[in-house]
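Undergrad: Quick one: structure below, then a few questions.
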Amino acid sequence: MYSAFQFTPTRLTAGLLMALASTSALAEADLMNRSTLTGDWGGLRHQLEDDGVKFTADYSGETAYNAHGGLHRSARYSQNIKLGVQFDLSKLYGLENGGKVQLSVNDRRGNSASEDLVGNRLPIQENYGGLYTRLTELSYERNFTPALNVKLGYMAMGNDIGVLDTGILCNFMNAGFCGHPLNMSGGSGWTNYPNAHLGARVKYDLSSAWQLRVAAFNVDPESNGNSSRAWHLGPKHTTGTVVPVELVYKLQAELPGEYKLGYYYDSSNVKRIGSSDEVAGRGGHYLVFDQAVWNDPSSPGRSLHAFGQYSASSKAASPFTKWYGAGVVLYKPFEGRPRDTLALGYGRAVPNPRSREVLEDAALASGQGFPDIDSAEQLIELSYGYQATPWLNLRPDVQYIIEPGAFSGANIDNALVVGLQVKASF
């Protein structure tokens, strides 16, 4: 006797197709709404985080095409992959205040549009540089009191110092905006991410609005961009210590703001520009801010922020003495796009006159003329951040570089660069 319903190959195939279609529809809906591309790993990721182990993975890819001026018409691509894990010792071992351990690894690949196509100083792709796999952070952080937080270990200086905590500056693709002012690293032992050094950072809340940050980092110039030192934490060629001190004010109002005033000093002895003499110590100061200037009362989340940057570094030893930056970022530019941003920025990087004199003297000695170029490289950047999903951001970008040869002493036409930045969290 046969059952009224039998599994035939045709029915089995149809059933599988229906199940797959239903699963695919659910998966697609979930894929568009989940916070990371790989999701919750069947609940394992959430469980691990509850137990004190949090995994992160991020990708950024930046393609830039030089459409006019500069050196060559072509495109360049660079990428950065960052893998991290954070251990919450309080959760892992049941401690009352165990602190956290952070481990991060970065891998960078690609080519530079600035070096190959334009010839300018400010990197068009902020994720270019140090093209190898390296340890970026191995640190321990703990709150010793409600007001005092200490972090120490192997880490990048710009994680906490010199940058705006709001993240407003990384609505741009050019490294002149995204991060701390670049003349800091050009004129001292301050290093750009993902270069890391041994150091310690202290945060102390003076009040609910005011905070003091102090740090000290080992200066080891030979390890910067050196792939053989990618996994070596120890200070092999120490020249000194760089100490930044930063005062932070966070305006708590209907139109909030963040202001940072900082000073840094590097104890290293270095050659004075244009001379064989050494200068003892290098220093600099900076001011950065992010201030909301408008909120739309009829559309929560829509706001306009203005930002500003000023930084000055050692005239004796820095080839890059001043940086000025300013711009605006509009959050939620369209009613149906609550997580998008529209950003416009202007920056001016001023070479050290002593560096210019060295270039002029070298040209004269070789019997060549020195071009009549401006006293600074300037940058205008317009970008739109399209948050396609919670884990995927697409950023079309346009940059106009004025006087690209200001730092090299080369007569290079102003450049128009169009690009696309892709950021994804896994």
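Undergrad: Return a yes/no flag: does region 107-114 have any residue that is free of Cβ contacts under 8 Å to residues at least 12 places away in the same chain, farther than 30 Å from Thr321 by Cβ and either out of contact with any Asp or Glu (no Cβ under 9 Å at 6 or more places or on another chain) or assigned to a loop (DSSP other than H, G, I, E, B) (or both).
TA: no
Undergrad: Under the condition of being within 20 Å of the chain's Cα centre (by Cα) and hydroxyl-bearing (Ser, Thr, Tyr), which residue from region 319-339 is surrounded by the fewest Cβ atoms within 10 Å (Cβ to Cβ)?
TA: Looking at the filtered set, the residue picked out is Tyr324.
Undergrad: Just give me the residues in region 194-215 being part of a loop (DSSP other than H, G, I, E, B) and surrounded by 15 or more Cβ atoms within 10 Å (Cβ to Cβ), in sequence order. Break it down into steps so the answer makes sense when it comes.
TA: Kept after step one, since they are part of a loop (DSSP other than H, G, I, E, B), are these residues of region 194-215: 194-196, 206-209.
Passing the criteria: Pro194, Asn195, Ala196.
Undergrad: Is it true that some residue in region 146-155 is in contact with a Pro (Cβ under 9 Å, 6 or more places away or on another chain), on the phi > 0 side of the Ramachandran plot and assigned by TED's automatic domain parsing to the domain that holds Pro244?
TA: For region 146-155, residues in contact with a Pro (Cβ under 9 Å, 6 or more places away or on another chain), on the phi > 0 side of the Ramachandran plot and assigned by TED's automatic domain parsing to the domain that holds Pro244: absent.
Undergrad: Report yes if Arg282 is of a type in the set (D, E, K, R), at pLDDT below 85 and surrounded by 15 or more Cβ atoms within 10 Å (Cβ to Cβ), otherwise no. Give the steps one after another, and end with the answer.
TA: Values: of a type in the set (D, E, K, R): yes; at pLDDT below 85: no; surrounded by 15 or more Cβ atoms within 10 Å (Cβ to Cβ): yes.
No, not satisfied.
Undergrad: Can you list the strands (runs of 3 or more DSSP E) found entirely within region 237-314 that contain at least 1 residues being of a type in the set (Lys, Arg)? Full working, then the answer.
TA: Numbers: elements: 240-251, 257-271, 278-295, 303-313.
Counting at least 1 such residues, we get 240-251, 257-271, 278-295.
Undergrad: Residues of region 285-314 being under 20 Å from Ala349 (Cβ atoms) and buried (at least 17 other Cβ atoms within 10 Å of the Cβ), which ones?
TA: Tyr286, Val288, Phe289, Phe307, Gln309, Ser311, Ala312, Ser313, Ser314
Undergrad: Just to be sure, is Thr145 at pLDDT 95 or above and either over 22 Å from the mean Cα position of the chain (by Cα) or hydrophobic (A, V, I, L, M, F, W, C) (or both)?
TA: Against the criterion (at pLDDT 95 or above and either over 22 Å from the mean Cα position of the chain (by Cα) or hydrophobic (A, V, I, L, M, F, W, C) (or both)), Thr145 qualifies.
Undergrad: Residue by residue through region 406-418, note down the ones that are crowded, with 23+ Cβ neighbours inside 10 Å and either in a loop (DSSP other than H, G, I, E, B) or β-branched (Val, Ile, Thr) (or both).
TA: Passing the criteria: Ala406, Phe407, Val417.
Undergrad: Over 30 Å from Arg356 (Cα atoms), modelled with pLDDT under 95, of a type outside the set (S, T, N, Q) and crowded, with 17+ Cβ neighbours inside 10 Å: is that true of Arg121 in this structure?
TA: Working: over 30 Å from Arg356 (Cα atoms): no; modelled with pLDDT under 95: yes; of a type outside the set (S, T, N, Q): yes; crowded, with 17+ Cβ neighbours inside 10 Å: yes.
So Arg121 does not fit the description; no.
The values are calculated or read from the model by the stated rules, or taken from the named source; none is laboratory data. Given the structure is predicted, the values throughout are model-derived calculations rather than measurements. In this analysis, Cβ positions are derived from the backbone assuming ideal geometry, glycine residues included, and neighbour counts consider all displayed protein chains.
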